[in-house]
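The values are calculated or read from the model by the stated rules, or taken from the named source; none is laboratory data. This is a predicted model, so every value here is computed, not measured. Calculation scope for accessible area: heavy atoms of the full protein, side chains included, ligands and nucleic acids excluded. Shrake-Rupley method; radii C 1.70, N 1.55, O 1.52, S 1.80 Å.
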Amino acid sequence: MVNRAEQQHLATIFKALAFSARKHRDQRRKDPAASPYINHPIALAEVLSCEADIIDVEIVCSALLHDTVEDTETTQAELAQIFGERISRIVMEVTDDFSQSKAKRKRLQIEHAAHISDQAKLVKLADKICNLRDVAECPPPEWSLQRRREYFDWAKQVIDQLRGIDKKLEAIFDEVYARRP
Ligand code: NDP
Ligand code: ZN
């Protein structure tokens, strides 16, 4: 049996999962099979909770929602209204500013990584772990070896700025990085 607080946490997690699934419903990943996009936020939540034992409800919900503002028409205000200020703030901390060029967004991720909250750092670590796994196992078909390598190196540059936050998650990142193509 779960107690009342645990019941509420589970309900919030399923609300975030259902919200994210609705928002990403027409999107696909870039792998050859064009997998449903929602597999990616679910993978982050699984890495955090099952592999790194991080089961904080705000972190897991932020992981499930982390690409909704970047990739769908979801707004910060909408997330704040439904999930509260703290979750919406974490999501915004891991959301790129799309008014900037792609090269600048890449650079800004490296520059900002050290200055985001601890909770956002954990979500960012899980995101990079999942994306490196995707690049290693099921990359976008048109990506050259050089591009896959560049993606690995850029991800490491981002993560190197935020180390010292969670040994287990960082070890998982290093294990995945060791599979650099
Ligand atoms: P993109 O931003 O175009 O794509 C990577 C993003 O796509 C990921 O961060 C992930 O974002 C999402 N994604 C969806 N499906 C997959 C999948 N199956 N595998 C991996 N990612 C997926 O790539 P980048 O601009 O980041 O390019 C990677 C590197 O390559 C950069 O360092 C860039 O400099 C370099 N580059 C090289 C080129 C070349 O031809 N050599 C051309 C362009 C860039 P999310 O977490 O949001 O889902
Ligand atoms: Zn992501």
Could you work out how far the C-alpha centroid of the stretch 82-145 sits from that of the stretch 19-40, in angstrom?
16 Å
Lysine pairs meeting the criterion (Cα under 14 Å, 8 or more apart or interchain), as found in the stretch 46-181
8
In degrees rounded to 10, the 0-90 angle between helix 118-137 Cα long axis and the longest Cα principal axis of the chain is 50 degrees
Report, to the nearest whole %, how much of the accessible area of the chain belongs to carbon and sulfur atoms, 1.4 Å probe, protein only.
51 percent
If you average 1/r over all unlike Cα pairs in the chain and invert the result, what Kirkwood radius do you get in angstrom?
16.8 Å
List the relative contact order of the chain as a percent without decimals, with contacts defined as Cα pairs under 8 Å and 6+ residues apart.
22 percent
One checks the Cα atoms of the stretch 1-107 and finds Rg and Dmax, in Å, of 14.5, 50
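Diagonalise the Cα gyration tensor of the stretch 102-181 and give the resulting equivalent ellipsoid semi-axes, square root of 5 times each eigenvalue, largest first, whole Å.
Equivalent ellipsoid semi-axes, largest first: 21, 15, 9 Å.
When ligands, DNA and RNA are left out and all protein chains stay put, how many square angstrom of accessible area per residue does the stretch 4-177 have with a 1.4 Å probe?
Result: 52 Å² per residue.
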Would you calculate, for the chain, the mean residue ellipticity at 222 nm contributed by helices, counting each DSSP H stretch of 4 or more residues as -39,500 (n - 2.57) and dividing by all residues, to the nearest 500?
-19500 deg cm²/dmol
